[in-house]
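The values are calculated or read from the model by the stated rules, or taken from the named source; none is laboratory data. Treat the numbers as computed from the prediction; the structure is a model and nothing was measured. Methodologically, a virtual Cβ is constructed for each residue, glycine included, from the backbone with ideal geometry; neighbour enumeration extends over all protein chains shown.
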Amino acid sequence: MPNGGTLELMKHFVPDTGQSSEFRVARLERQLLRERSARLEAEAIAERGLRELYEQKQWLLLLQRVTKGANEADDIAEAFALSLREVCIQMGWDFGNAYLIDSGSREAVACDVWYAEEPDRLFAFIDASRQIRFTSGIGLPGRVLRDSRPHWILDVRDDEGFLRRSEAKRCGIKSGCAFPIVIKDETVGLFEFFSSRTVMATDDLLATMAQISSQLGRVVERDRARRALLHDASHDALTGLPNRALLAERCARAAADLSSNGQGVGILVIDLDGFKAVNDRFGHHAGDSLIRALGERLRGVVELFQRESDPNWPAERVTLSRTGGDEFVVLLDGLADRSWVDDLTGRIHKAFERPFYIGSSEVRLAASIGFALSDTGRCDVNQLLRDADLAMYEAKSEGRGRTIEFNEELGEVIRNRRQLEHELRLAIRDCQFRLFYQPIIDMRAGTELRGYEALVRWQHPERGLVSPAEFVPIAEEAGLMSFIGGWVLHEACDALARLHAMGEAHSRRFISINVAPMQFLQPNFAAQVRRTLMRTGVRPESLKLEITEGVAIIDPVRTAKVLAEVREWGVQTSLDDFGTGYSSLSYLQNLPFDTIKIDKSFIDDLTSKRSQDIVRAILDLARSMELSVIAEGIETEAQRAILEQLGCPFAQGYLYGRPVCEEQAFAL
Ligand code: C2E
Ligand code: MG
Ligand code: MG
């Protein structure tokens, strides 16, 4: 389309014969001049448009490079470094510096990620910028942090609030600007750029920086999500402590480092005593909050121990982890001094001296600790963990609040026990148990046989008869005693039926069986007794159940209930091994027994006045409570005579007969 200049030119070319040629030339020259300036102007317009187009394309390319780089970067530092470099090169900044916002203090902290074309020239300024922190409102980064928008300083040397003024002067820095990196409304970091020239803020630049900062915000967000995932995968949700997976990782590293650093590795397994009771009494929710509080307390103990043992011990080489319900494991990697372990276990036990609280209820807890230490230079950390675990179980079996160190001897004992446990399972499967019967005598009527105590034996395929003293405790611990006890109950009742079928004299005799705590406290125990009585048709009065104080200690309320229930049907109840526990009298008062059995340890010593006094006191007590008494373990005529003189009604012991098989026993 013809523009204004061309139209004018055409108008002037219309022939005009009335003018001189000189005049026409001058007019043509003027026309040409006008035409040229118009062309130049048109060219300038076109060029400016092109340049703007070019610049916009450059911005776009910058944004593309930053976006691509940020997406491909492995971490925040890499993404930041790449972006700083691209922006500096494209825009001619001399120095670019990155900050992250500390989520705790909300300060802008330089993260030592920066870019400079000529670092040596700007050394003083870069060095001052590398490791600084700014609170909101202070310095250039502080202003961005406070306002969450870019800030621009045309000449930093004139800006009173610019803290690095003297370094800027020394290095010839003039202009500076800073941009926030934002996730939604939160400023999570910022970039600052400096130049020795005066740089003005343009709309394009501001728009591009806004887009770059939103790209980088995404990088930070992605990094946060990754960290959160990593943390969740390696930490226990309840306590926030490292979990089993992270512990395993640290253990592997400890094992790898061990040969090179010459220091030891120690592993402690800590398990709460009596936590189940807390859970049962207060509920799982309360149990959880207790574990959380305990985790907090243990964390404090371990951190203080670490600092005080060696302030230079790197934090990640002492790992307190929660590995199960109420189980915690401490890995001590780089243990320079063995006595440190004693120190730590002492501190842990001490931490339990203060009570815990569930609502307003005070809860007192204790922990059993097992630990294992590496030999110098040799260490299978997983084995160490297993050893510490075994030692912990050993500590637990010895009572509350104990610590036991694993050693080879203990390992041997435990291995034997494991083997026995394995064989016991086979024994249950293959029915390798026998019942022996020991006579119980009425001393008042000469030596009248009144009944038997059924005593279990294990007919081991290689070892022959194994005593219950050897296998019952192991079966109890392995949770097998209710199976063995169930068999004993059935077998004894079957035997009772056979015994009673032998005739009038035999039909008045009773059989007493021992009931293990675990078996007795099973919810279906009473029902099991009742079913067995009904199946065999024996009179309930001819069955006696012997329990020890151990049962009552675990759950006195339930024990009383079950005893009362079976007694209602006529079944007799006995308190076995009386006098060996520490609170026999109080249990006696609250629990419905028919008989107490005086423990053999008092009978052994019966020639001493002290034992005689004790036995006399027990007999008096029993008489006043209308309880029957059986003295156990009578071996000599002298013991018998004293007991008879003291007025003890019933007796049991080698003097009258050892435990023998059914045939022999019932023939008596
Ligand atoms: P207990 O119930 O106190 O049984 C008495 C133990 O003393 C028996 O040992 C018996 O053989 C032994 N004994 C009896 N009179 C004498 C004596 O004059 N001198 C000596 N030195 N010992 C005598 P046993 O049969 O080895 O049983 C040991 C323990 O094993 C029993 O102590 C009981 O606690 C447990 N036990 C035995 N059978 C069973 C069972 O079927 N179930 C459960 N839960 N425990 C059982
Ligand atoms: Mg007994
Ligand atoms: Mg006994």
_Can you say whether Gly240 is buried (at least 17 other Cβ atoms within 10 Å of the Cβ) and under 30 Å from Leu331 (Cβ atoms), as far as the supplied structure shows?_
no
Output for Cβ contacts, cut-off 6 Å, separation at least six or different chains, first residue under 25 Å from Leu606 (Cβ atoms) in segment 648-668, second part of a loop (DSSP other than H, G, I, E, B) and more than 16 Å from ligand 2 (Cβ to nearest atom), reads Pro649/Arg444; Ala651/Met443; Gly653/Glu635; Tyr654/Glu635; Leu655/Glu635
Here, strands (runs of 3 or more DSSP E) confined to segment 323-382 with at least 3 residues that are over 30 Å from Arg253 (Cβ atoms) are 356-358, 361-363
If we keep only residues of segment 575-604 that are modelled with pLDDT of 90 or more and in a loop (DSSP other than H, G, I, E, B), then the residue nearest to ligand 1 (Cβ to nearest atom) is Asp599
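Against the condition modelled with pLDDT of 95 or more, in contact with a helix residue (DSSP H, G or I) (Cβ under 9 Å, 6 or more places away or on another chain) and within 20 Å of Asp271 (Cβ to Cβ), how does Leu365 come out, does it pass? Give the steps one after another, and end with the answer.
Values: modelled with pLDDT of 95 or more: no; in contact with a helix residue (DSSP H, G or I) (Cβ under 9 Å, 6 or more places away or on another chain): yes; within 20 Å of Asp271 (Cβ to Cβ): yes.
So Leu365 fails the test.
Somewhere in segment 554-572, is a residue in contact with a strand residue (DSSP E or B) (Cβ under 7 Å, 6 or more places away or on another chain), of a type in the set (D, E, K, R) and within 16 Å of ligand 1 (Cβ to nearest atom)?
No, segment 554-572 has no match at all.
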Exactly one of Glu308, Glu303, Glu316 is in contact (Cβ under 8 Å) with a residue 40 or more places away in the chain and surrounded by fewer than 22 Cβ atoms within 10 Å (Cβ to Cβ), and that residue is Glu316
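Quick one: in segment 624-651, which of the residues that are among the aliphatic types (A, V, I, L, M) and part of a loop (DSSP other than H, G, I, E, B) is nearest to ligand 1 (Cβ to nearest atom)?
Filtering segment 624-651 down to residues among the aliphatic types (A, V, I, L, M) leaves 625, 627, 629-631, 634, 638, 641-643, 646, 651.
Okay, now just the ones that are also part of a loop (DSSP other than H, G, I, E, B), so 625, 627, 634.
Values: Met625: 21, Leu627: 17, Ile634: 6 Å.
Out of the qualifying residues, it is Ile634.
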Going through (1) within 14 Å of ligand 2 (Cβ to nearest atom); (2) of a type in the set (Phe, Trp, Tyr); (3) under 27 Å from Leu426 (Cα atoms) one by one, Phe510 fails only at (3)
For Gly446, are the conditions met, namely being more than 16 Å from ligand 3 (Cβ to nearest atom), without any contact (Cβ under 8 Å) to a residue 24 or more places away in the chain and out of contact with any Asp or Glu (no Cβ under 9 Å at 6 or more places or on another chain)? yes
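Residues checked against (1) outside the structural domain of Glu637 (by TED's automatic domain parsing); (2) within 15 Å of ligand 2 (Cβ to nearest atom); (3) surrounded by 14 or more Cβ atoms within 10 Å (Cβ to Cβ); (4) of a type in the set (A, V, I, L, M):
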site	(1), (2), (3), (4)
Gln528	no, no, yes, no
Thr536	no, no, yes, no
Lys544	no, yes, yes, no
Leu588	no, no, yes, yes
For segment 631-646, pairs from a residue that is in the same structural domain as Ser608 (by TED's automatic domain parsing) to a residue that is in a helix (DSSP H, G or I) and within 16 Å of ligand 2 (Cβ to nearest atom), with Cβ under 7 Å and 6 or more apart or across chains, are Ala631/Ile603; Glu632/Lys600; Glu632/Ile603; Gly633/Lys600; Gly633/Ile603; Ile634/Ile603; Gln639/Ile603
The condition of being in contact with a Lys or Arg (Cβ under 9 Å, 6 or more places away or on another chain) and more than 16 Å from ligand 2 (Cβ to nearest atom) holds, among Glu448, Glu477, Glu462, Glu453, only for Glu477
Expected output for segment 501-525 (first residue in the same structural domain as Glu565 (by TED's automatic domain parsing), partner within 13 Å of ligand 2 (Cβ to nearest atom) and assigned to a loop (DSSP other than H, G, I, E, B), Cβ below 8 Å, 6+ apart or cross-chain) is Pro517/Thr548; Phe525/Val515
Of (1) buried (at least 17 other Cβ atoms within 10 Å of the Cβ); (2) over 14 Å from Ile598 (Cα atoms); (3) within 53 Å of the chain's Cα centre (by Cα), Gly657 satisfies every one except (3)
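Of everything in segment 479-493, what is touching a residue at least 40 places away in the same chain (Cβ under 8 Å) and not in a helix (DSSP H, G or I)? Give them in sequence order. Please lay out each step first, then the result.
Of segment 479-493, the ones touching a residue at least 40 places away in the same chain (Cβ under 8 Å) are 480, 482-484, 486-493.
If the condition is that a residue be touching a residue at least 40 places away in the same chain (Cβ under 8 Å) and not in a helix (DSSP H, G or I), then Leu480 is the only one that fits.
Just name the residue that is modelled with the highest pLDDT out of those in segment 368-387 that are more than 18 Å from the chain's Cα centre (by Cα) and of a type in the set (Val, Ile, Thr).
Of the residues in segment 368-387, the ones more than 18 Å from the chain's Cα centre (by Cα) are 372-381, 383-384, 387.
Imposing the further condition that a residue be of a type in the set (Val, Ile, Thr) reduces the set to 376, 381.
Values: Thr376: 57, Val381: 84.
Filtering segment 368-387 for residues that are more than 18 Å from the chain's Cα centre (by Cα) and of a type in the set (Val, Ile, Thr), the one modelled with the highest pLDDT comes out as Val381.
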Exactly one of Gln459, Gln438 is surrounded by 14 or more Cβ atoms within 10 Å (Cβ to Cβ), of a type in the set (S, T, N, Q), at pLDDT 95 or above and more than 16 Å from ligand 3 (Cβ to nearest atom), and that residue is Gln459
Counting only strands (runs of 3 or more DSSP E) wholly inside segment 408-470, the ones holding at least 2 residues that are away from ligand 1 (no atom under 14 Å from the Cβ), among the charged types (D, E, K, R) and touching a helix residue (DSSP H, G or I) at 6+ places or on another chain (Cβ under 6 Å) are none
Handout entry: Filter pass, Glu308 being on the phi < 0 side of the Ramachandran plot and in a helix (DSSP H, G or I)
Key = yes
Considering segment 549-571, residues that are touching a Ser or Thr at 6+ places or on another chain (Cβ under 8 Å) and within 13 Å of ligand 2 (Cβ to nearest atom), and then whichever is farthest from Gln519 (Cα to Cα), we arrive at Glu549
